[in-house]
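A short write-up of the structure that comes next.
Derivation of every value follows stated rules applied to the coordinates shown; laboratory data play no part. Because the structure is predicted, anything quoted here is derived from the model rather than measured. All Cβ positions, even for glycine, are placed from backbone atoms using ideal geometry, and neighbour counts span all protein chains on display.
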Amino acid sequence: MHISKSLKRLIYWELGIPLTLLTIGIYHGLMQTIFRAGIIHQSYFAHLDYYQGLTLHGVINAIVLTSFFAVAFGHATIAFYLKREPHKWVSWLSFWLMTVGTLMAAWAMLSGKASVLYTFYPPLKAHPLFYLGAALLIVGSWIPLFSWANIYVRWKKENPETKTPLAVVGTLVNFTIWFVCTLAVAYEVLVLLLPWAMGWKATINVTLARTLFWFFGHALVYFWLLPAYIMYYTILPKLAGGKLFSDLAGRISLFLFLLLSVPVGVHHQFSDPSISRGIKMFQGLLTFGVALPSFITAFTLAASLEYAGKKRGSRTLLGFFAKLPYLDAGRYLFAYLIGGLILFIFGGLTGIVNASGVLNAVVHNTAWMPGHFHMTVAGPVFLSIIGMSLFLYSGLSGKPVFLPRINVIIPYLWVIGILIFSTGLSWGGLIGEPRRTNLGMTYLNPKNELFTPEWVPTTMLALCGGIIMTFAALLFFIVFFGTMFSKKTSAGVLDIPVAEALHDEKRIPLFDTFKPWLLIMGIIILLAYVPAFIDANKNPGPGAPPFTPDNPVPEKISKAPDLYNQ
Ligand code: HEM
Ligand SMILES: [Cu+2]
């Protein structure tokens, strides 16, 4: 379909800005593996400190890229399926808020005034513009929800008996989760962090800040993941040459995500002493509940791929795997999506380890964690984002993909890279290698008394994987920006592959409405989080003064020593 120039331009910018910044994000990923393998024994390289780089890496890759993409993909999905464009003024307002916010935070990070990692836990303290920038980026990213919801309500009035397209349900579910969870982080930033960073308040309740952060932070991972899920359900079966096995299964799993994405954040705080065991247990159990929609998805997708493989001539039980279009350059999006799915199997399994309270104690804060989440956020999330960005851009601009044969092998290179990289980190984690640590300065420096030779092979493995990933990313940049600078060969249109359903169950009203689900979502969140917030307020611990990462002594201790020495 044809879309307005304004919407096209908006989508170009929302894909182009984060992919340009991603070059910085990837550079720091590689540098981290180099520092950690002990190739560099300093705290910085090229004037950039390890923690400054790690902050840039986490914020750009996991927050900026994912938020911009989710908005661009949401605009495309709503316009494509409901045949109405989002409100122009609202969409551009959202774009400018996100862009200004990103620039503010980028300035703070690049000037070394915000090396607080993407979780910005107090007592680490950043420049106020970092917090303000993050808040603007987040608020900007949910503004389009209101325009989409309006389009949806009008569409529903005109088509009361038609099932809402699955991709639209997914987009609305995702941004509802996002809207709800970001309220907590907005509160954390505006009420706790900013006044403290401005020097108006001397200390901060660390437990409360962390609890508010993870109310947001776990839902954030589903906000990353749901665009990929939408692609898996509504696009992948078509690309494979088949159909979606069950449309209803997709709806059930999306609504389960709506219920369970937020009230599980305390599973990131199993080691926080201020929160009582009962709440940890409850949220731990709910976390296993999230495995349910993931299994529904895994089985539905496997059945869809099996159907496609059989249609393509497979006759044996598992022969369908061999019949899929892995290297079809004309269907490169299949390669990006299937690559992500392969990684997600390992990401999901390691996630079940993390969610189990006792096992979590073994892997907590070790390299196991980045080993796990690069197989989720840098797996299906990242591959579907970059694949779809290229697909949308090339389609909308009418420019053919640059180097199509290379393009189709990029995701497989990335998969090989991550598997090696994550094996190194996970193995290292199991033998105690810490995360968020510049190992090259101490543990991986033979001249240092803390030198730990057991971690030489693990960090070397991570380095090898990191080099392959960086090479794959470099090829992607060449393909994406090469496409951008090539000549237009056809009129650009918005076209998204649509998978038909094999079992297109008749419309069940419960799975075509949001109200009851929103109500249950509210109830579960209250049950899970009211006691957690009460605990966080009851047991705040000693109020924490501001620290910066390069100094173990609180910032203002010389000015007001009595305040902190009680
Ligand atoms: C060349 C590719 C990449 C390499 C070599 C790489 C490497 C690393 C390493 C070694 C760490 C752990 C550092 C530490 O804990 O001390 C890390 C952390 C992280 N990475 Fe990556 N990464 C890459 C790509 C990505 C991508 C594509 C994403 C997301 C889309 C991502 C998201 C993250 C996040 C969220 C963290 C956690 C940061 C923190 O602990 O604050 N990475 N990365
Ligand atoms: Cu989580």
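Packing, taken as the mean count of other beta carbons within 10 Å per residue, orders the peptides 467-479, 125-137, 447-459, 274-286 from highest to lowest as 125-137, 467-479, 274-286, 447-459.
Helix 65-82 axis versus longest C-alpha principal axis of the chain: approximately 20°, rounded to the nearest ten.
In terms of overall dimensions, the chain has a Cα radius of gyration and Dmax of 23.4, 78 angstrom. Helix 455-484 axis versus longest C-alpha principal axis of the chain: approximately 50°, rounded to the nearest ten. Summarising the amide proton neighbourhood of residue 245: residues at separation of 5 or more, or on other chains, whose placed amide H is nearer than 5 Å comprise 304, 502.
With respect to the chain, whose longest principal axis is taken over its alpha-carbon atoms, helix 277-311 is tilted by about 30°.
Amide H contacts for residue 204 (H built 1.01 Å from N in the peptide plane; partners 5 or more residues away or on another chain; cut-off under 5 Å): 544. Couplings for segment 226-243, taken from phi via the Karplus curve 6.51 cos²θ - 1.76 cosθ + 1.60 with θ = phi - 60°, read 5, x, 5, 4, 4, 5, 5, 6, 9, 10, 3, x, 5, 5, 6, x, x, 9 Hz in order; Gly and Pro are left as x. Note on residue 311: no aspartates and glutamates have a C-alpha under 14 Å away, same-chain residues under 8 apart excluded. Taking every DSSP beta bridge that has both ends in the chain, the antiparallel portion is near 60%.
Sites listed here are chymotrypsin sites (Phe, Trp or Tyr not before Pro) in segment 196-228 whose DSSP assignment is loop and whose Cβ has at most 12 other Cβ atoms within 10 Å: 200. Note on residue 153/residue 5: beta-carbon distance plugged into 1/(1 + (r/R0)^6) with R0 of 45 Å gives a FRET efficiency of 0.95.
Using the Stokes-Einstein relation with a Kirkwood hydrodynamic radius computed over Cα pairs, the translational diffusion coefficient of segment 333-408 at 10 °C and a viscosity of 1.306 mPa s comes to 114 µm²/s.
The magnitude of the dipole of segment 95-180, with charges of +1 and -1 set on the Cβ of Lys/Arg and Asp/Glu and taken from the Cα centre, is near 60 debye.
Backbone phi angles across segment 180-187, fed through the Karplus curve with coefficients 6.51, -1.76 and 1.60 (θ = phi - 60°), yield HN-Hα couplings of 5, 6, 6, 4, 5, 6, 5, 4 Hz in residue order; Gly and Pro are listed as x. Only the Cβ atoms of Lys and Arg (+1) and of Asp and Glu (-1) were treated as charged; on that basis the dipole of the chain about its Cα centre amounts to roughly 1300 debye. The Cα atoms of segment 430-500 define a convex hull whose projected area, averaged across directions, is 9.7 nm². Residues whose amide H lies under 5 Å from that of residue 367, counting only those 5 or more places away or on a different chain, are 429, 433, 435; hydrogens are built 1.01 Å from N in the peptide plane. Applying 1/(1 + (r/R0)^6) with r as the Cβ-Cβ distance of residue 524 and residue 553 and R0 = 30 angstrom yields a FRET efficiency of 0.10. In this Cβ point-charge picture (+1 for Lys and Arg, -1 for Asp and Glu), segment 1-123 has a dipole of about 440 debye about its Cα centre. Counting only DSSP H runs of at least 4 residues, each contributing -39500 (n - 2.57), and dividing by the residue count of the chain, the helix-based mean residue ellipticity at 222 nm comes to -21500 deg cm²/dmol. When both segment 78-145 and segment 335-375 are represented by their alpha-carbon centers, they are found 27 Å apart. Whole-Hz Karplus values for segment 2-18 come out as 8, 10, 5, 4, 4, 5, 4, 4, 4, 5, 4, 5, 6, 8, x, 4, x Hz, taken residue by residue from phi with 6.51 cos²θ - 1.76 cosθ + 1.60 and θ = phi - 60°; glycine and proline positions read x.
Qualifying GluC sites (Glu not before Pro) in segment 116-209, where qualification requires a DSSP coil assignment and no more than 13 other C-beta atoms within 10 Å, comprise 161.
Tell me which of 232, 365, 122 sits at the most positive position along the dipole axis of the chain, charges placed on C-beta atoms (Lys, Arg +1; Asp, Glu -1). In the chain, that residue is 232. Towards the positive end of the charge dipole of the chain, with charges on Cβ (+1 Lys, Arg; -1 Asp, Glu), say which of 77, 423, 383 has the farthest Cα. Positive-end residue among those listed: 77. Considering only 336, 110, 152, and ranking their Cα positions along the charge dipole of the chain that arises from unit charges at the beta-carbon of Lys, Arg, Asp and Glu, the one farthest toward the positive end is 152.
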